[in-house]
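These notes are about the structure you will find just below.
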Amino acid sequence: MTTTQLKAATPTRGNWGYTALAVLILAVMLFPVYWMVNASLQPNGTTLETSWIPLQPDFTGYATAISEQAGNLGTSLIIALGSVVLSLAIAAPAAYALAYFKVRGAGVALFAILISQMIPGIVVANALYTAYNDLGLLNSIPGLILADSAHGIPFAILIIRAFMNGMPASVIEAARVDGAGHIRAFCSIVIPLSRNSLITAGLFTFLFAWSDFLFALTLTTTEAVRPVTLGIFQYIGAYVNDWSSVMATAVLASIPAIVLLVAAQKYIAAGTTGGAVK
Amino acid sequence: MSLTTDASRTAPRAGKSRTASATSPAGGSEKPPPRRGTRARRERIFQWLFLVPAVAYMALFFGYPVVKNLVMSFQDYTTATFFTGEAPWVGLANYAAVLSSSLFSTSLLNTALFTLGSILGQFGIGLALAVFFQRKFPLNGILRSLLLLPWLLPLIVSSAVWRWILDKDSGALNRFLGDLGIIHTGVPWLTSTSLALIAVVGVNIWIGIPFNLTILYGGLQEIPDELYEAGSLDGATGWTAFRHITWPMLRPVVSVVLVLGVVYTLKVLDIILGLTNGGPANSTQTIATQSYDLSFHEFKFGEGAALGNALVVISLVFAVLYLRASRRAVDE
C-alpha cells in the first residue's frame, strides 16, 4: 500500500522514448480491434482486398447487422441487466455477512466460492440442460439470466466483501446502537458506503453475462431466445462471404466493453486488482 | 484462500478493521442483557438470512451440477431419457467408452499442449510487459489500462475477428506476411491440421496477456523500493536484481497467476469452438470441446458427463498442488 503511494508520488520523469515503445506495444496488441472496426466499414462483398484504412467508409455492413441482429442485441441487453440485478441482490448481502458477522463456516463459504471457479462451464451446462428441460427453462430469458449469473455472483461476492472488509466497522455499530435493525443498517448505511464496489461488481457482472456464449449455446435450442454471441457464432459457423456485416455485429457486441473501459476506468481498475477471478 | 488476499490490495486494511470490531464493545444490540438467549438466536437467524440466497444459488448452480454430472456419468443418459424419463445404470461403461476411444488420447494431448503453450506465452509476455511498465514514463497508466481491452471483449467476438485475420486467402496476417515477402502462398492457419492448434494457442495467448500483465504488475508494485536500493549498493542491478530480488519476492503472485491460468485454460471452450470448432480432423479438439460434442451433438449426455468429470479431476489436481505450494510458502 505505502510503497505504491510512494512510487506514485515521485514525479514522473518525462521519458517519451518509453512512451513511444509502449504505444507500439499497444498498437500491436490492439491491431485486431482496429481490424474489426476497419473490416466492418468495408463495402459488402469485396472480401478479397480489404484496404488497410477505411478511406471510403461503407455502412452497409452495419445496416445488415442491425436488421439481422437488433433483436439478439436486445435479448443480450435484457439478460445482462437482469443478471446484474440478480447478482447484486444475492452477492451484496452475502458479502456483508461474510465481512461482518462471525458466522460459523464463513471460511468454508469462501473456500467453496474459490472451488466453484474450477468447475468447467461445460459440466454446469451439461447438468443444467437436463434440469432446465424438466423445468421448462430452456429457451427462456429467466433461464439464461439465472445461468449467466453463475459467471458473476462468485466474483461479485469476493469483490464486494474485500471492499466491505475495509469499511470502518464503527459506522455500522453506531447505526445499530441508534436502534437500526440489521436490514435498515444494511440498506441505509452499508449499501451507500459500498457504492463503488457495487458499481465495479455490477459492471463486471454485466460484461460477463453479455459475453456469455456457453449457456447461450447449450441452453437454447430454438430461435426464440438468442443472445448476440450466439448470433455471431452462427455467422461464423457457416462459410462467410460477407465479413463486413459479421465484423459490424462484432463491433456492436464490443460496445459495452469499450464503453466500460473508457468511461469507467477506475471501476475496471478496481475490479482487475480487487478480485483476480474472472 | 490466499487467492483473495494476494490479489486484493485491501487485504492489509481488512485485517485491521476486523481486529477493531473485535476489540470495540460488542455490537450495541447486545448491551441490554434481558432475555439474552432469544435475542442471540434471533440475531443468528438474521445473520443467516443475509447468506441464504447466495448459499442457495451456489448450491443450485455449482453444487447440483457437479453431483448431477457425477450421477449422469454412471447412466445411459440420451435423448430418449427426456421422453421416457429413464436413464438405466450402466456402471463404468461411459468412462470405459470415453477413455478407450482413440479420440481421448488426442484430446488429452491437445489439452496439455493448448494449456502449456497458452500459459507459457501469456505468462512470459505478461511478465515482460509488467516489468516494462514499472518504468516511469508519460501516459503509462492510460496505455496500460487500454491493454485490458482484449480481455474485456466477448470471447466469441475475439474468435470472429481472429477467424478473419487468420483467413487463408484474404486474412490480414497472410497479406502482411506476403507484403513483406516472407510467404508467397496463403498459409492455412486454421484449416491445416499441423497449424490449427498453434494458431488457437496464439489467439488464446493474446486474450490472456492483459490478465497476466495486470496481476503481475500489481505484484511488482508491492515490492519495496528499499530492497532495490539496498541491492544496488551491493552491485545488484538489471538482470541480477531481477533474479535475486524481483523473482523471489514475486513468487507468491506468480503461483496464483499460474494456477488460475491453468484452471481457466483447461476449461476454455468459446475460443476453440469459434475458431475451429475442434477441427480440422480433431486437431484442436480438447477434453472440454469433446465433452460438449458428446453431450450436445451426439446427445450422449452420460459420456459427456464422464469426460466433464475427467476435466474436473484434472483441475482439482492443480488446485491441490496449488494449495500445498501456498501452504509450504507460508511455512517457510
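Sequentially through region B:230-237, phi angles give Karplus couplings (6.51, -1.76, 1.60; θ = phi - 60°) of 4, x, 5, 5, 8, x, 8, 9 Hz, Gly and Pro residues having no value and appearing as x.
Rg ratio for chain B: its Cα radius of gyration over 2.2 N^0.38 Å, N being its residue count, equals 1.28. Axis angle, to the nearest 10 degrees, between helix A:195-211 and the longest C-alpha principal axis of chain A: 40 degrees. GNM remark for chain A: springs join alpha carbons under 10 Å apart, and the peak mean-square fluctuation among A:110, A:135, A:81 falls on A:135. Potential lengthening of the chain between residue A:68 and residue A:221 amounts to 53.2 nm, from the contour at 0.36 nm per residue minus the alpha-carbon distance. Over region B:92-223, the Kirkwood radius and the radius of gyration, each from Cα atoms, give a ratio Rg/Rh of 1.08. Contact order, relative form, for chain A: 32 percent (alpha carbon pairs under 8 Å, 6 or more residues apart, mean separation divided by residue count). Considering only B:173, B:197, B:49, the Gaussian network model of chain B with Cα springs below 10 Å gives its largest mean-square fluctuation to B:49. Computed over region A:68-274, the quotient of the alpha carbon radius of gyration and 2.2 N^0.38 Å is 1.16.
When Rg and the Kirkwood radius Rh are both evaluated on Cα atoms of the protein assembly as shown, their ratio Rg/Rh stands at 0.98.
Values in this text are rule-based calculations from the coordinates and carry no lab data. Treat the numbers as computed from the prediction; the structure is a model and nothing was measured.
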